[in-house]
Amino acid sequence: MKIYTKFGDQGQTRLVGGECVQKNNPRVECYGTVDELNSTLGLALSQIQNESPQNLLRLRDELIRIQNELFNLGSLLACENAETLPLLPALQESHIKNIEAQIDHMTQDLAPLKNFILPGGSSLAAALHLARTICRRAERNTVGLIETLHSKLSPAETICLNTCLIYLNRLSDYLFTAARFANFSVSIDDQVWKK
């Protein structure tokens, strides 16, 4: 199978379920941003080597798990067919609870946050901060999608999109904490914002 189909040459693409839409459709914006986020996590993962400290190897495993969950989340955002939606891998409250548990675990080792910090530090932390900002954009896009489709959504679709929104909100907190944790793990101080 060839990687190019030429189907999108006129600015259209297909959603999960086969519906044809313009490439600037709000759903495409949502799952496209989630794909960008996933790619940025891949960049962050490339900074973790096998000889990295053990706590960063654990972070690597968590980021890979999150990448898989984001792939599932993207497929949910790309589905406007209510009959197809139940066939897709679901995003569960347990996924959100796991992210919260990981935030709590990393926070135990970090100094209390008393100031705003600037993105940066180690290359891993910088990539995680970039991922955090893309995650926030994915969250904003999802809010827009929910507002745009509000009156057209079935109860199941509403629950699904709201769960995606909560997941993205929690994930951005996770990525902020993970960036701080990455700096801590290699003894690099966070850069405090100076007014």
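Only the coordinates and a few stated rules stand behind these numbers; no lab work does. No experiment lies behind these values; they were computed from the predicted model shown. For neighbour counting, all protein chains shown are included, and Cβ atoms are generated from backbone atoms with ideal geometry for every residue, glycine included.
Going by average Cβ neighbours within 10 Å, how do the peptides 160-168, 20-28, 2-10 rank, with the highest at the top?
160-168, 20-28, 2-10
Count charges around L153 for me, please; just the other residues with Cβ under 11 Å from its Cβ, Lys/Arg as +1, Asp/Glu as -1.
Summing Lys/Arg as +1 and Asp/Glu as -1 gives -2.
Under a point-charge model restricted to the Cβ atoms of Lys and Arg (+1) and Asp and Glu (-1), what is the dipole moment magnitude of the range 20-188 relative to its Cα centre, in debye to the nearest 20?
It comes to approximately 360 debye.
Work out from phi, with θ = phi - 60° and the Karplus expression 6.51 cos²θ - 1.76 cosθ + 1.60, the ³J(HN,Hα) of each residue of the range 79-92, listed in order in whole Hz, and give x for Gly and Pro.
My calculation for the range 79-92 gives 10, 10, 9, 4, 6, 7, 3, x, 7, 8, x, 7, 9, 10 Hz in order.
Under a Cβ-Cβ cut-off of 14 Å, what is the net charge of the residues other than C135 that fall near it, where Lys and Arg count +1 and Asp and Glu count -1?
Net charge around C135: 0.
Please state the charge dipole magnitude for the range 62-101, taken about the Cα centre, from unit charges on C-beta atoms (+1 on K and R, -1 on D and E), reported in debye and rounded to the nearest 20.
So the dipole magnitude of the range 62-101 works out to roughly 100 debye.
Quote the charge dipole size of the range 4-62 about the Cα centre in Debye, to the nearest 20; the model charges only the Cβ of Lys and Arg (+1) and of Asp and Glu (-1).
In total the dipole reaches around 160 debye.
How much FRET efficiency would the formula 1/(1 + (r/R0)^6) give for N50 and R14, where r is the Cβ-Cβ distance and R0 is 35 Å, rounded to 0.05?
It comes to 0.35.
So if the hydrodynamic radius of the chain is defined as the Kirkwood radius over C-alpha pairs, what does Stokes-Einstein give as its diffusion coefficient at 25 °C and 0.890 mPa s, in µm² per second?
The diffusion coefficient I find is 137 µm²/s.
So what is the relative contact order of the chain, in percent, for Cα pairs below 8 Å that sit 6 or more residues apart?
Working: 229 pairs, mean separation 55.8, N = 195.
That works out to 29 percent.
Provide the packing ranking of 127-140, 110-123, i.e. peptides ordered by the mean count of other C-beta atoms within 10 Å per residue, highest first.
127-140, 110-123
Sort 98-106, 186-194 for me by packing, meaning the mean count of neighbouring Cβ atoms within 10 Å per residue, highest on top. Intermediate results must be reported in sequence, preceding the final value.
Working: 98-106: 16.1, 186-194: 12.0.
By packing density, highest mean first, the sequence is 98-106, 186-194.
What is the extension gain from I188 to N115, computed as 0.36 nm multiplied by their sequence separation minus the C-alpha to C-alpha distance, in nm to one decimal?
In short, 24.6 nm is gained.
Could you work out how far the C-alpha centroid of the range 97-132 sits from that of the range 21-69, in angstrom?
Going from one Cα centre to the other spans 15 Å.
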